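Peer 1: Below: one structure in structure tokens.
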Amino acid sequence: MLALQSAQVIFFLTLRLIYDTLFHIMIKHWEEFTIGPKDVSSELHVSLNRKGEILVGAHAFERLGRPGQAVLLFDKVNSLIGIAPSSKVTKHAYPLLQKTGGRHRVIRANRFVRHHQIQVPRTIAFHAVHIDEDGVLTLDIKSTRIIGRAKG
């Protein structure tokens, strides 16, 4: 009788092992993610696409003072792009264009990007975006993340 019970237990365990293997039953070890979402309403969003267009998010545009044009700056040593609002007509100032009725603005900076040999194979968003004490929107090229899809 004991041998029969042992054989039944072994048979049951063998079937259970086969079932678990076939149907990939796994034990789940969940960890709760306790960091909430960012407050995107206060975040300064700026991105640069492969066409050399700088998209300035609505909040960043507001914090810059809603300028109609801006002078583009480049710090080669620190790999920084600067966007300085310009209230007067300056020959080398770029207009901040409104597209599709949105609150963001676009600077068509392809000549600037090519001149400074800034490589952008896909759209990037800048992490370290801030407005310095001189009112210049500062973008760190070394601190970006890819947000665009690969073409191809």
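The values are calculated or read from the model by the stated rules, or taken from the named source; none is laboratory data. Small disclaimer: the values here were computed from a predicted structure and weren't measured. Neighbour counts run over all protein chains shown; Cβ positions are idealised from the backbone, glycine included. Please note that ligands, DNA and RNA were not included when accessible areas were found on the heavy atoms of the full protein model with its side chains. Shrake-Rupley method; radii C 1.70, N 1.55, O 1.52, S 1.80 Å.
Peer 1: Which residues, taken from region 103-152, are among the polar types (S, T, N, Q) and more than 17 Å from the chain's Cα centre (by Cα)?
Peer 2: Asn110, Gln117
Peer 1: Consider only pairs whose beta carbons are under 8 Å apart and that are at least six residues apart or on different chains; among these, list those whose first residue lies in region 39-62 and is over 16 Å from Ala128 (Cα atoms) and whose second residue is part of a loop (DSSP other than H, G, I, E, B) and among the small types (Gly, Ala, Ser).
Peer 2: Going by the 8 Å Cβ cut-off, the qualifying pairs are Asn49/Gly148; Arg50/Gly148; Gly52/Ala109; Glu53/Ala109; Ala58/Gly102.
Peer 1: Quick check on my filter: what residues within region 143-152 are among the small types (Gly, Ala, Ser) and either assigned to a strand (DSSP E or B) or at negative phi (or both)? Give the derivation first.
Peer 2: We begin by selecting, within region 143-152, every residue among the small types (Gly, Ala, Ser); these are 143, 148, 150, 152.
Selection gives Ser143, Gly148, Ala150.
Peer 1: Answer yes or no: is there a residue in region 27-46 that is open to solvent by less than 100 Å² (accessible area, probe 1.4 Å), part of a helix (DSSP H, G or I) and at pLDDT below 95.
Peer 2: Scanning region 27-46 turns up no residue that is open to solvent by less than 100 Å² (accessible area, probe 1.4 Å), part of a helix (DSSP H, G or I) and at pLDDT below 95.
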